[in-house]
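The values are calculated or read from the model by the stated rules, or taken from the named source; none is laboratory data. Given the structure is predicted, the values throughout are model-derived calculations rather than measurements. Note that we place each Cβ from the backbone using ideal geometry, even for glycine, and neighbour counts take in every protein chain shown. These area figures cover heavy atoms from the full protein model, side chains too; ligands, DNA and RNA do not enter into them. Shrake-Rupley method; radii C 1.70, N 1.55, O 1.52, S 1.80 Å.
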Amino acid sequence: MLLFQDGSTHRWIGALGHDLDLIVTLDDATNWIYSAILVEEEGTMSSFLGLRETIAGHGLFGALYTGRGSHHFVTPKAGGEVDKGHLTQVGRALSQLGIRHIASYSPEGRGRMERVFGTLQQRLPPELRRAGVRTREAANAYLRECFVPAFNARFGKEAAEPGSAFVGYTGALLDDVPCVQLDRQVGRDNCVSWSGRSLQIPAQQHRHHYVRVTVRVHEYPDGKLAIFDGPRCLARYDANGALLDDPLSRAA
């Protein structure tokens, strides 16, 4: 089963006075929208948001068809072939999930999404205006609860074969796959430096410190962070780097 994901920049919410990007994840067989999210700017995190919403709501799928933007693929030569040997964060997450990542080279594939976005640009802004929606947060709630179900009922179609090709997700905590993952070495103060923040690793039941150990930092679309040693989560933090939980308290 193939899904498309793409973004469109438009004045979706007139009251805001500036453009936003709408990230849509669409079913190839049925034209159903599984995720539609307004973000300030399309990129790695917006792709993760669409993936997570789709998988949490429906399950895993076979392949994802996207453009060749730098958050999707590494392209050594502008306009050339993508380098599938070097994965972006989105590519790494799809690989972990077992989803094949297909790069768009044909105008036909892009044209299909452009037609969908043309319909959305005609219908969504006036509907948000009539509903009195003035913020991105309210618009995303309206999309999820009202607009997308009505859109699918009107423009969706039955698949050629009955049943669903989605497979239920049963792996690790879903949030810990569609997120940025990078290795960092722990400093002498038992802290990890991350984008100007110092993440203190609290004492663990199995060891007192991680000085000079290489750990893995996860950054989530909402800005929160976590540090992992292999499969073990050592700690979670808010977007400012403040500790959210204590592993020793959890163990107790």
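Structure summary
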read-out	value
Qualifying residue in segment 55-75 (condition: in contact (Cβ under 8 Å) with a residue 40 or more places away in the chain, part of a helix (DSSP H, G or I) and either open to solvent by 50 Å² or more (accessible area, probe 1.4 Å) or touching a strand residue (DSSP E or B) at 6+ places or on another chain (Cβ under 7 Å) (or both))	yes
Residue list for segment 199-235, filter: more than 15 Å from Leu182 (Cα to Cα) and in contact with a Cys (Cβ under 8 Å, 6 or more places away or on another chain)	Gln200, Ile201
Set Gly132, Gly111: member being exposed (fewer than 13 other Cβ atoms within 10 Å of the Cβ) and either assigned to a helix (DSSP H, G or I) or in contact with a Phe, Trp or Tyr (Cβ under 7 Å, 6 or more places away or on another chain) (or both)	Gly111
Yes/no for Val116 being open to solvent by 80 Å² or more (accessible area, probe 1.4 Å) and either in contact (Cβ under 8 Å) with a residue 24 or more places away in the chain or at positive phi (or both)	no
Checklist (1) in a strand (DSSP E or B); (2) open to solvent by less than 40 Å² (accessible area, probe 1.4 Å); (3) farther than 15 Å from Arg100 by Cα; (4) out of contact with any Ser or Thr (no Cβ under 7 Å at 6 or more places or on another chain) applied to Asp21, failing item	(4)
Verdict on Asp27 being within 29 Å of Arg130 (Cα to Cα), open to solvent by less than 10 Å² (accessible area, probe 1.4 Å), of a type in the set (D, E, K, R) and touching a residue at least 12 places away in the same chain (Cβ under 8 Å)	yes
Residues of segment 179-212 that turn out to be touching a Lys or Arg at 6+ places or on another chain (Cβ under 9 Å), of a type in the set (A, V, I, L, M) and in a loop (DSSP other than H, G, I, E, B), as a count	2
Test: residue in segment 205-214 that is in contact with a Ser or Thr (Cβ under 9 Å, 6 or more places away or on another chain), open to solvent by less than 60 Å² (accessible area, probe 1.4 Å) and over 26 Å from Ser95 (Cβ atoms)	no
Checklist (1) in contact with a helix residue (DSSP H, G or I) (Cβ under 7 Å, 6 or more places away or on another chain); (2) open to solvent by 20 Å² or more (accessible area, probe 1.4 Å); (3) not in a loop (DSSP other than H, G, I, E, B) applied to His218, failing item	(2)
Evaluation of Gln96 against (1) of a type in the set (S, T, N, Q); (2) open to solvent by 30 Å² or more (accessible area, probe 1.4 Å); (3) assigned to a loop (DSSP other than H, G, I, E, B); (4) touching a residue at least 60 places away in the same chain (Cβ under 8 Å) (one fails), failing number	(3)
Matching option when the condition is touching a Pro at 6+ places or on another chain (Cβ under 7 Å), aliphatic (A, V, I, L, M) and open to solvent by 40 Å² or more (accessible area, probe 1.4 Å), among Leu243, Leu234	Leu243
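Every residue, every condition in (1) among the polar types (S, T, N, Q); (2) touching a Lys or Arg at 6+ places or on another chain (Cβ under 8 Å), yes or no:
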| site | (1), (2) |
| --- | --- |
| Ile13 | no, yes |
| His18 | no, yes |
| Ile23 | no, no |
| Glu42 | no, no |
| Ser47 | yes, no |
| Gly79 | no, no |
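Each row is one residue, and each column tells you yes or no for (1) in contact (Cβ under 8 Å) with a residue 12 or more places away in the chain; (2) over 21 Å from Leu87 (Cα atoms).
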site	(1), (2)
Asn190	yes, yes
Gln200	yes, yes
Val211	yes, yes
Arg216	yes, no
Ile227	yes, yes
Ala235	yes, yes
Ala239	yes, yes
Asp245	no, yes
